[in-house]
1. Within 10 Å of each Cβ in peptide B:275-284, how many partner chain Cβ atoms are there on average? Round it to a whole number, please.
2. Could you order A:PHE112, A:PHE85 so the one with the most accessible surface comes first? Probe is 1.4 Å.
3. Looking at the stretch A:115-157, which residues lose a minimum of 50 Å² of accessible area between their chain alone and all protein chains in place, measuring with a 1.4 Å probe and not counting ligands or nucleic acids?
4. What FRET efficiency, computed as 1/(1 + (r/R0)^6) with R0 = 30 Å and r the Cβ-Cβ distance, is obtained for B:ASN211 and A:GLN302, rounded to the nearest 0.05?
5. Kindly report, to the nearest 10 Å², the accessible surface of B:GLU302 as traced by a 1.4 Å probe over protein heavy atoms only.
6. Please check the stretch A:226-260 for residues whose accessible area, probe 1.4 Å, is lower by 50 Å² or more when all protein chains are in place than in their chain alone.
7. What does the convex hull of the alpha-carbon atoms of the stretch B:9-62 project to on average, in nm²?
8. Using a 1.4 angstrom probe and counting only protein chains, how large is the accessible area of A:TYR245 in Å², to 10?
Amino acid sequence: MNSDSGLKHRSLYTVVSIIVLVILAILFAFPLYWIITGAFKTNASINATTPDWFPKEWVMDNFRKLFSKQSAPLWELAVPFSSKFTADGNPLIFTAGPVVPAAIRWLVNTVFMAVMAMILTCITSAMAGYALAKKRFRGRAMLFTLIVCAMALPKQVILIPLLREMSSLSLYNTIWAVIFPTVGWPFGVFLMKQFSEGVPGEMLEAARIDGAGEAKTFIEIVVPMIKPGVGALAIFTFITSWNDYFMQLIMLNSTSKLTISLGIAKLQAENSTDFGLIMAGASLAAIPIITVFIIFQKYFTQGIAMGAVKG
Amino acid sequence: MAKSSVATGRSKALVRRETRSAYLFLLPNLIFFVGFVVIPMILCVYTSFFDSTMGKDVEDVFIGLKNYTELWQDPIFLRALKNTFVIVLVSVPAVCIFSLWVSALIYRMKGVVLSTFRCVFYLPVVTGSVAVTVVWKWMFNNYYGIFNYVGKGLGVVENNINWLGDERFALWCIILILFTTSVGQPIVLYVSALGNVDTSLVEASEVDGANNIQKFWKIKWPLIMPTTLYILVITTINSFQCFALIQLLTSGGPNHSTDTVMYYIYYSAFKLYRYGYGNAMGVVLAIFIALLSAVQFKLAKEK
């Protein structure tokens, strides 16, 4: 044990650090605060040279302006690869719902993209991760090496060839062009493999002896045991896919197909100094994803930590 | 279940069955992984040896290493490479040290306080690069931005500074934003690593009379080394890929002072339509990242 003065010295250091930490936390949260309050400020308040730290009056003008811009049907979905089978070579497109402002449509597109990427990633990665962890088969070592190498490479360097591939598959400028590469990204398989290692081999053996088939064993024994991992992967994929701006930028271009991130970028390019309008768009993009994050925070942080510790 | 060298006919059949069922489980993922990751990677390397420009009538022409030799004579690329290294060399150590400091302070706090702090530092990551970028653009604005206002209030800034339009400041503004969006994940990782340190080791060192500094560097630091390594690698990769910030804030300007390799790849491929040249840059970038990761692994292993 240290002497009394040492203890005092330490607590002084701790108190100072905590104060600094709280100030830093406020600074980190500030941009988000500025987005949300900015969205509700009047034009005069936004363009004031002395900033209003808190909106004097809350107005909906910015949102009204955002929602008055271009309209599109609420729901439109091209069936992937359908253009190869239709007579006129155009893809099959489903449209539904009333005509809504483009910003709402961007939000719908983004939710669809993130949810679809999440579902496909979770299912395919859980299956593949289980096979890699629990099955001994030819080519296993090679495949695993390939996955680890692919993970270490920057995703963006493959975007140019990916774009050409997508246009030759007639997927360019459809939401699938963003979803499919996200599903293929091997991080999920890697994470699921780490979790599947924890499933005891005896349980699988016992199931086999009881006469359960491969599919039944996987669904009834493996899936319940790797559930926390699947939860972490789901939320992780949802957030990264929502925020993967570069991929969306390259694959999508027509106004009705944009995601919310692209939409704001477009707003910014067209009205570079209308900060109120841009903040309204930014809060529309940020609030849903932050809400999702806060609700599932526990799974998410556990998941990244577990993936890293085991990997 | 190790493969025995004296495999009988029965176990061979078993291996075959196991292999078949394994590939059935792998198939859905392999379609996406091979189709949209592996094939583009191969195509990326392949096209980098061609003069592939969109809008030309002729087919791609094989030009060997010409794209690569051109790179080293391209002053914009060299500047972009230099900027990329400045970003990596500043932001990676800063992110690691800062996140370690924050985690060491918060990891013993109570559940709610801990998750609040963790959440706050993770917020800029979740908010999304575009939303974060547009608000920073406003804050850095010449006339309406709070940076100039606060700077003048504190007496640091005399006249309004055009932060993003000034070669002296633009890159540092980018690094600052990149920093705020990079510390979230390392903090989550460090908090969990520090929480997993075996308390009996720490208590034993206390009995031996170790002070706080010794306890940290002699006991905890070696134990969290794998986490540090992982953080170094992911932060390096993220810093190399810095793109959205640049595209939305400065488009590489003023005078290429904020060009990074990632942005220049985008510019060459999608503004100049020189796919082959862009791919060659992608290959060079991937090699740099692979080399740096290998060096980091080696250094960490030696320790």
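1. Values: counts 4, 1, 1, 4, 5, 0, 2, 8, 1, 1.
If you average over the peptide's residues, the count of other-chain Cβ atoms is 3.
2. Values: A:PHE112 40, A:PHE85 175 Å².
Sorted descending by solvent-accessible area, the residues read A:PHE85, A:PHE112.
3. A:THR124, A:MET127, A:LYS135, A:ARG136, A:PHE137, A:ARG138, A:LEU143, A:LEU153, A:PRO154, A:GLN156, A:VAL157
4. Details: r = 33 Å, r/R0 = 1.09.
It comes to 0.35.
5. Result for B:GLU302: roughly 140 Å² accessible.
6. Residues passing the criterion (a loss of at least 50 Å², heavy atoms only) are A:ASN243, A:TYR245, A:PHE246.
7. Across all orientations, the stretch B:9-62 yields a mean hull projection of 6.1 nm².
8. The accessible area of A:TYR245 comes to roughly 10 Å².
The values are calculated or read from the model by the stated rules, or taken from the named source; none is laboratory data. Keep in mind that this is a model prediction, so the values were computed, not measured. Counting neighbours? That spans all protein chains shown, and the Cβs are built from the backbone with ideal geometry, glycine included. In case anyone asks, the SASA skips ligands and DNA or RNA and just uses the protein heavy atoms, side chains included. Shrake-Rupley method; radii C 1.70, N 1.55, O 1.52, S 1.80 Å.
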